[in-house]
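Working notes, structure below.
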Amino acid sequence: MRFMTAGESHGPKLSAIVEGFPANLPIDKERMTSELIKRQGGYGRGRRMQIEKDTFQFGSGIRHGKTLGSPIMIEITNDDFKHWSKIMGSEPLTPEEEESMKRVITKPRPGHADLVGGMKYNMRDLRNILERSSARETASRVAVGALCKELLHALDIRMFSRVNQIGTVKDEGDYSIEERATRPDDSSVRMVSEEKTKEAEQLIDETKKKGDSIGGIVEVIVENPIPGLGSYVHYDRKLDSKIAASIVSINAFKGVEFGIGFMAGETPGSQVQDEILYSEDRGYYRRTNNLGGFEGGMTTGMPVVVKAVMKPIPTLYKPLFSVDINTKEPFKATIERSDACAVPAASVVCEHMVAIEMARAILEKFPHDDFNELEEAVSKYKTRVSEY
Ligand SMILES: Cc1cc2nc3c(=O)[nH]c(=O)nc-3n(C[C@H](O)[C@H](O)[C@H](O)COP(=O)(O)O)c2cc1C
Ligand SMILES: C=C(O[C@@H]1CC(C(=O)O)=C[C@@H](OP(=O)(O)O)[C@H]1O)C(=O)O
């Protein structure tokens, strides 16, 4: 399964094309839309999210609610484009129009792609960089991830994401998928305890008031994964490494851990490795899940547990030093519309990137022209593994 995304943040549309997805898989479009809406929410988002309403259309690959096996095209309209149609239109501008707009961006933001992108692609209007480097693109990825979640759902693999930390406010309490489902979380911080959620929201408010931004740590859990996805036989087939790359590909994500992660560096081996147990009804299982569901780059069958850190948002109201690319004069950041904290929204993006990698690993392992054929192969494999 391959996919590509296209689209600029303030352009007319975002899109994605997914190729290699099985035929005959029922698709719940409403459920997919709810994932997109979740990504738009989360405490700390800026004004842009009040403008957008991320619904999507299938342009191809689906007929009467089922996949056809042909490339699936997904399109999301940027509602903000109506305010940007001249600035972001595809038609060339007349010199007068260009002059009258005077909207060329020459002041790169520290921490964003502006300066290096401008140098690399030889552009002197940094809008040409920020439009595509914007995390608006993650809407397309969540749409692809939501499609992948339809496949995982049909195979009884369930997953969710949550926020473990915003700045110094931490909440790593246990959370079940059932509890998650009962909480309307579109606009909250998505933490386990309501008290910690409030504390985190207060911190976001205070940070915003100071003109600053704040990052945090999120967690994604996949329950009931098929054991043996990925492989130890070659470096580029290890599923944990693919998940790590996918997470760090998300705008502003700087690190990934599996299970106890970096704590493994300070803990003796006897307390890190997950002891192997066996029972008639469960087959092989582990006493603990310190390694987050991976051994040798393969899923063990225990829940996959991924944690990831997001840096604070680069666009700040508080002035930071930078240099104008035309005058070479130093300046202090100008005020721009921005999120103060996008960690809750980004937890949804992480979840969907993990969904994409899980689905991809399944489609690599099993025959998948037809979903029914895939389901049968998965069931046979699970039986064989349980009898091992
Ligand atoms: C959901 C989400 C929303 C974001 N919103 C903003 C924002 O409003 N302003 C901003 O400057 N950066 C925002 N970012 C982060 C930038 O897109 C990111 O820092 C930038 O693309 C540079 O990439 P890097 O931080 O990975 O180096 C957001 C990231 C995510 C995942
Ligand atoms: C549009 C989204 O996020 C955007 C990501 C983003 C950035 O620089 O990454 C900057 C902001 O865009 P704008 O400049 O239009 O306010 C965010 O709103 C989105 O998540 O859908």
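Only the coordinates and a few stated rules stand behind these numbers; no lab work does. Bear in mind the structure is a predicted one, so any value in this text is a computation, not a measurement. Methodologically, a virtual Cβ is constructed for each residue, glycine included, from the backbone with ideal geometry; neighbour enumeration extends over all protein chains shown.
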Charge dipole magnitude, Cβ of K and R +1, D and E -1 - the chain, Cα centre, debye nearest 20: 960
For the stretch 188-306, just the Cα atoms, rotate onto the principal axes and tell me the three extents in Å, largest first. 55, 32, 28
Treat the count of other C-beta atoms within 10 Å as a stand-in for reagent exposure and order Leu115, Leu291 from fewest to most. Leu115, Leu291
Compute the relative contact order of the chain as a whole-number percentage, counting only Cα pairs closer than 8 Å that sit 6 or more residues apart in sequence. 23
Contour minus end-to-end for Lys66 and Ser187, with contour as 0.36 nm per residue of separation and end-to-end as the Cα-Cα distance? 40.4 nm
For a quick size check, give me the Cα extents of the stretch 127-248 along its three principal axes, largest first, whole Å. 50, 43, 25
GNM flexibility winner over the chain from Tyr317, Tyr121, Tyr284 (Cα, springs under 10 Å): Tyr121
Could you line up Ile87, Ile325, Ile247, Ile166 from fewest to most neighbouring Cβ atoms inside 10 Å? Ile87, Ile325, Ile247, Ile166
Going from the fewest other Cβ atoms within 10 Å to the most, one would list His352, His368 as His368, His352
Summarise the long-distance tail of P(r) for the stretch 1-142 by giving the % of C-alpha pairs beyond 25 Å. 39
The extension gain from Asp236 to Lys13, computed as 0.36 nm times the residue separation minus the Cα-Cα distance, is 77.0 nm
Excluding Arg31 itself, calculate the net charge of residues whose Cβ lies under 13 Å from the Cβ of Arg31, where each Lys or Arg counts +1 and each Asp or Glu counts -1. 0
To make sure I understand the rule: partners must be lysines, Cα under 23 Å from the Cα of Lys66, and not fewer than 8 residues away in the same chain. Which ones qualify? Lys29, Lys149, Lys365
Among Pro268, Pro227, Pro303, the residue with the largest mean-square fluctuation in a Gaussian network model of the chain built from Cα contacts under 10 Å is Pro268
Exposed GluC sites (Glu not before Pro) absent: longest stretch of the chain, with sites in DSSP loops and at most 14 other Cβ within 10 Å deemed exposed: 1-171
The chain: most fluctuating residue of Ser249, Ser176, Ser347 per GNM, C-alpha cutoff 10 Å: Ser176
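Excluding the sites themselves, what is the longest stretch of the chain that contains no trypsin sites (Lys or Arg not before Pro) in a DSSP loop with at most 14 other C-beta atoms within 10 Å?
Counting at most 14 other Cβ atoms within 10 Å as exposed, the longest clean stretch of the chain is 125-209.
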Rg and Dmax [Cα atoms of the stretch 227-365; Å; Rg one decimal, Dmax integer]: 20.3, 74
If amide H atoms are built 1.01 Å from N in the plane of the peptide, which residues on other chains or at least 5 residues away come under 5 Å of the amide H of Leu320? Ala333
Cα coordinate range in the chain, projected on the principal axes (Å, largest first): 76, 49, 41
Label-point gap, in nm, between Tyr388 and Thr33 - each point 7 angstrom along Cα→Cβ: 4.2
Mean separation of Cα contacts under 8 Å (6+ apart) over length of the stretch 38-139, as relative contact order %: 17
I'd like the FRET efficiency for Asp369 and Arg337, computed as 1/(1 + (r/R0)^6) with the beta carbon distance as r and R0 of 41 Å, rounded to 0.05. 0.35
Going through Lys86/Lys328; Lys13/Lys328; Lys208/Lys332 one by one, the pairs whose alpha carbons sit over 23 Å apart turn out to be Lys86/Lys328; Lys13/Lys328
